[in-house]
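Colleague: This is the structure, below, for whatever I ask next.
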Amino acid sequence: MADGNSETKSSNQMWGGRFASGPDAIMEEINASIDFDKKLFAQDIRGSIAHATMLAHQGIISTEDKDKIVHGLDTILSEIESGQFEFSRRLEDIHMNIEARLATLIGPAAGRLHTARSRNDQVALDFRLWVKEELQKCESMLTGLIAAFLDRAEEHADTVMPGFTHLQTAQPVTFGHHCMAYVEMFGRDRARVRHAIEHMDESPIGAAALAGTGFPIDRHMTAKALGFSGPTRNSIDTVSDRDFALEFLALASICAVHLSRLAEEIVIWSTPQFGFIRLSDAFSTGSSIMPQKKNPDAAELVRAKTGRINGSLIALLTVMKGLPLAYSKDMQEDKEQVFDSAESLELAIAAMTGMVRDMTIRTDRMKAAAGSGYSTATDLADWLVREAGLPFRDAHHVTGHAVALAEKNGCELAELSLEDLQALNPAITDKVFGVLTVEASVASRTSFGGTAPSEVRKQIAWWRTRN
């Protein structure tokens, strides 16, 4: 007896203080999902009301039971929204918590709600509805971010700034053109959101556990009631599919990368060394010991959240990669990644939209930097090809000598004398000075999608019709 007690005591110590009652406590801890899937309460209730209505329409349950079920579910929705509902971890998940409360409210009629469905298709429906609503929210927020960039682009279609490659001054561009680059990026993100909504626009309810049901249900009716284009076409795939969650995380990751690239530029631009922009106090913080500091914390945090979102995508891909059809409990690990990423993405888009609208553009600093680093060298080479008839490689060679001469003299290309330039190539005339200013450079880039202010305004007008 003593030996047995000693063994039991040892076992309980092995489980640790948190699991004093042994394996049952561990099973409850690992199995329960109510701590996070309670976020699906509205979708669960909405799906159950549609299901009960269809069951009554098909004569599978009585209209009286359906009315009791709908009234009870409406009551539960009010209780949850007002904070009066008590969630129980013992009941594992949101579905069982709601069902148990429904039984308390309306009695035996509650037991008829689960006719012709399973928790497998139920959770697939709830989660799909939640992701679809989140995608619609992201679409709206991205539209707001695009609009903010369009406004800044229109305001600064003529504002010259340096364009960079390798973070080295390359050629002059306009700030409006730079803004429109982000319009294109976030426009693709919005298109991915819209495509994802199309891909997932099918109703899972009615697939049951994995094989469908023998009850005469009408899946088209529930699909229509829930705002889907139709029902899914294979019951096995329906309960085992999490492509919609993966696609959300994938597009969220790409969008987060775009936001992070923008955040990086904002961080760089706001440094004293660049000074291209000034962030307002609303999106900056100070230092605890250095009173002169103004830190772009909001941009830095947007940049950091990309890691969380990318990590969530890898996590769910790893969960799903080895699962046999159809449903496995592993899939319970799908929601926290999506919930966290959705929250992070929403916050990042909102913060970035605010920063874009709020930041002060220092046009003087941008213009001063636009001509640095001999940024109009390509314009000189192009002029030699266009006006003097040189092959581009020869023009490139002459221009290289011109840059070297300007560097030696400590001046800009436009400050070289005509005699200096003609010593490099006698075909050069005083007309070349018309292309060596940054304003002339950007004005000349009139190719479709180029940085010329006239072209930037065309692209803004086109996007206004798309927004």
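Colleague: Structure shown: which of 39/224; 68/329; 224/458; 68/137; 66/224 lie over 30 Å apart, alpha-carbon to alpha-carbon?
Modeller: Pairs exceeding 30 Å: 68/329; 224/458; 68/137.
Colleague: Continuing with the same structure: Where the Cα atoms of the chain are projected onto their three principal axes, how long is each span, largest first, in whole Å?
Modeller: In descending order, the Cα extents are 103, 62, 41 Å.
Colleague: To the nearest 0.05, how large is the calculated FRET efficiency for residue 407 and residue 295 if R₀ is 30 Å and r is the Cβ-Cβ distance?
Modeller: 0.25
Colleague: Would you kindly calculate the translational diffusion coefficient of region 119-368, applying Stokes-Einstein with the Kirkwood radius from alpha carbon pairs, for 20 °C and a viscosity of 1.002 mPa s, and quote it in µm² s⁻¹ without decimals?
Modeller: Using the Kirkwood radius from Cα pairs, D works out to 106 µm²/s.
Colleague: Quick one: 3J(HN,Hα) in Hz for region 219-225, Karplus 6.51/-1.76/1.60 with θ = phi - 60°, rounded, Gly and Pro as x.
Modeller: Running phi through 6.51 cos²θ - 1.76 cosθ + 1.60 with θ = phi - 60° gives 5, 5, 5, 5, 4, 5, 4 Hz.
Colleague: Which log10 I(q)/I(0) values does region 362-406 give at q = 0.17, 0.19, 0.24, 0.28 Å⁻¹ under the Debye formula, counting every alpha carbon as one identical point scatterer?
Modeller: After summing over all Cα pairs, the log10 values are -0.52, -0.60, -0.77, -0.91.
Colleague: With all protein chains present, how much of the accessible area of region 28-113 (probe radius 1.4 Å) comes from carbon and sulfur, to the nearest whole percent?
Modeller: Within region 28-113, the accessible surface is 47 percent carbon and sulfur.
Colleague: Show me, for region 119-129, the HN-Hα J-couplings you get by feeding each phi into the Karplus relation (A = 6.51, B = -1.76, C = 1.60, θ = phi - 60°), rounded to Hz, glycine and proline as x.
Modeller: Ordered by residue, 3J(HN,Hα) equals 5, 5, 6, 5, 5, 4, 5, 4, 5, 5, 4 Hz.
Colleague: With no solvent and one equal point scatterer per Cα, compute the Debye intensity ratio I(q)/I(0) for region 217-272 at 0.12, 0.23 Å⁻¹ and report its log10, rounded to two decimals.
Modeller: Result of the Debye calculation: -0.53, -0.94.
Colleague: Heavy atoms only, probe 1.4 Å: what % of the accessible area of region 369-461 goes to carbon and sulfur, would you let me know?
Modeller: Within region 369-461, the accessible surface is 55 percent carbon and sulfur.
Colleague: Please compute the volume of the convex hull spanned by the alpha-carbon atoms of region 369-461 and report it per residue in Å³.
Modeller: So the per-residue Cα hull volume is 93 Å³.
Colleague: Moving on. Please compute the modelled spin-label separation between residue 273 and residue 257, points set 7 Å along Cα→Cβ, answer in nm with one decimal.
Modeller: 2.6 nm
Colleague: What is the set of long-range amide H partners of residue 170 at a cut-off below 5 Å, with H atoms built 1.01 Å from backbone N?
Modeller: 163, 164, 165
Colleague: Something else about it: Can you work out the accessible area per residue across the chain, with the rest of the protein chains kept in place, probe 1.4 Å, in square angstrom?
Modeller: 48 Å²
Colleague: Mean residue ellipticity at 222 nm from the helices of the chain, using -39,500 (n - 2.57) per DSSP H segment of n ≥ 4 over the full residue count, to the nearest 500 deg cm²/dmol?
Modeller: Using -39500 (n - 2.57) per qualifying helix, the result is -20500 deg cm²/dmol.
Colleague: Still on this structure, please answer the following. Residue 233 to residue 397: extension gain in nm, 0.36 nm per residue of separation minus the Cα-Cα distance?
Modeller: 52.6 nm
Colleague: Further, regarding this structure: In terms of solvent-accessible area of protein heavy atoms at a 1.4 angstrom probe, what is the ranking of 177, 51, 396, 220, highest value first?
Modeller: If we order 177, 51, 396, 220 from most to least accessible, we get 220, 396, 177, 51.
Colleague: Multiply the residue gap between residue 78 and residue 30 by 0.36 nm, knock off their C-alpha separation, and tell me the result in nm, one decimal place.
Modeller: Length gained, residue 78 through residue 30: 14.3 nm.
Colleague: I'd like the Karplus ³J(HN,Hα) series for region 24-34: coefficients 6.51, -1.76, 1.60, θ = phi - 60°, whole numbers in Hz, and an x wherever there's a Gly or Pro.
Modeller: 4, 5, 5, 4, 5, 5, 7, 8, 6, 10, 4
Colleague: Order 374, 182, 327 by their accessible area, 1.4 angstrom probe, all chains in place, largest first.
Modeller: Descending order: 327, 374, 182.
The values are calculated or read from the model by the stated rules, or taken from the named source; none is laboratory data. On a predicted model such as this, the values are computed, not experimentally measured, just so you know. Positions of Cβ are backbone-derived with ideal geometry, glycine not excepted, and every protein chain shown enters the neighbour counts. Ligands, DNA and RNA are excluded from the accessible area calculation, which covers all protein heavy atoms including side chains. Shrake-Rupley method; radii C 1.70, N 1.55, O 1.52, S 1.80 Å.
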